[in-house]
Amino acid sequence: MNSPAQDASEQSIAVTDTRLTHEVHRVATTLLAEAAVEPSVPPAALLTLRDFLVANLRHHDQAEDDDLWPRIIAVAPDTADALHALSAEHERLRAALDALSDVAMAADGAASEADRTALRQAAAAVRDLVHEHLAHEEPILLPALREHISPAAWDEFAQKVISTAPPVGGHLMIGFLAEVGTPAEVEAVLAGVPEPMRPLLPALRAQAAEDIRVLRGAGS
């Protein structure tokens, strides 16, 4: 049987995982809005980040609505109204993600100023909604994770999220995690990565670091 200290340590992974994921969403949405109008950032890099964000945010919100919220409500019915209100915010974000996804830009060649402006406007709308939504969600969700989701329940949920994650710019998640978390936190979050993928993590992290460097206007 685990000691109380071990149980507390295991329990904290739900909060750590969620907090780091949210920080990735804050940093990545901000970066896209800022990079979109920088002429030095190639369109291909912008589209890689755009497509990662659209796929990742859609998947993240759907997993909360369809799986995590029901798990919490099942053991804490008094959270239902607050969680359903967060799902309504997810709907607003999905509409903004659709608009961001619809912005046309050729990956090869130079993007026009109009293309970059359209991308920047759509990205800024997503950024603002994400930041606002997380400010609403975290005071509700983080305590609920601590109080109502067991380590076993979180592990089951996290494994399902990992197994269904869209293979779109996944290396960027590895790179952004390295920026927003301590090495110990990142190691704990990535502990759920399937064993066959683990040898690939250093290369994925290096690829992400280079892509993020270019997005920040530091490319050659």
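Once C-alpha pairs closer than 8 Å and six or more residues apart are averaged by separation and normalised to the residue number of the stretch 55-174, the relative contact order reads 41 percent. Once the Cα-Cα distance is subtracted from the 0.36 nm per residue extended length, the Gln62 to Thr30 segment shows a gain of 9.4 nm.
The angle between the Cα long axis of helix 170-180 and the main principal axis of the chain comes to about 70°, on a 0 to 90 degree scale. Placing dummy labels 7 Å off each Cα toward the beta-carbon, the span from Leu142 to Glu38 is 2.8 nm.
Estimated from the Cβ-Cβ distance and a Förster radius of 41 angstrom, the FRET efficiency linking Ala203 and Glu132 is about 0.70.
Distance between the modelled labels on Ser101 and Ser12, one decimal in nanometres: 3.8 nm (7 Å Cα→Cβ projection).
For the stretch 22-114, the square roots of the Cα gyration tensor eigenvalues, ordered a ≥ b ≥ c, give a/c of at least 1.5 with a/b greater than b/c, which places it in the prolate category. Once the C-beta distance of Glu113 and Arg92 is scaled by a Förster radius of 22 Å, the resulting FRET efficiency is 0.15 to the nearest 0.05.
The length gained on full extension between Asp81 and Gln159, counted as 0.36 nm times the residue separation minus their Cα-Cα distance, comes to 25.4 nm.
What a 1.4 Å probe finds exposed on the stretch 1-148 is 55% carbon and sulfur by accessible area, rounded to a whole percent. Look at where the Cα atoms of the stretch 41-115 and of the stretch 167-213 average out, and the two centres are 20 Å apart. Packing here is the average count of other Cβ atoms within 10 Å per residue, and on that basis the peptides 108-118, 196-206, 172-182, highest first, run 172-182, 108-118, 196-206.
Here the convex hull built on the C-alpha positions of the chain has a volume of 120 cubic angstrom per residue. Solvent-accessible area per residue in the chain equals 48 Å², computed with a 1.4 angstrom probe and all protein chains kept. Note: relative contact order over the chain, using C-alpha pairs below 8 Å and six or more positions apart, is 37 percent.
Seen against the Cα atoms of the chain and their longest principal axis, helix 4-35 is set at about 20 degrees.
The residue list Leu190, Ala106, Ala95 was ranked by how far each Cα lies along the charge dipole of the chain toward its positive end, using unit charges on Cβ atoms, and Ala106 comes out on top. Residues of the stretch 19-61 with an amide N closer than 17 Å to a point placed 7 Å from the Cα of Arg213 along the Cα-to-Cβ direction: 40-42, 45-46. I need the shape label for the stretch 102-220. Rule: rounded when a/c is under 1.5, else prolate if a/b > b/c, else oblate, with a, b, c from the alpha carbon gyration tensor. It is oblate, given that a/c is not under 1.5 and a/b is not larger than b/c.
The values are calculated or read from the model by the stated rules, or taken from the named source; none is laboratory data. Just so we're clear, the structure is a prediction, and the values are computed from it rather than from any experiment. Because the Cβ atoms are built from the backbone with ideal geometry, glycine has one as well, and the counts that use them run over all protein chains shown. Heads up: the accessible areas ignore ligands, DNA and RNA and are worked out on the full protein's heavy atoms, side chains in. Shrake-Rupley method; radii C 1.70, N 1.55, O 1.52, S 1.80 Å.
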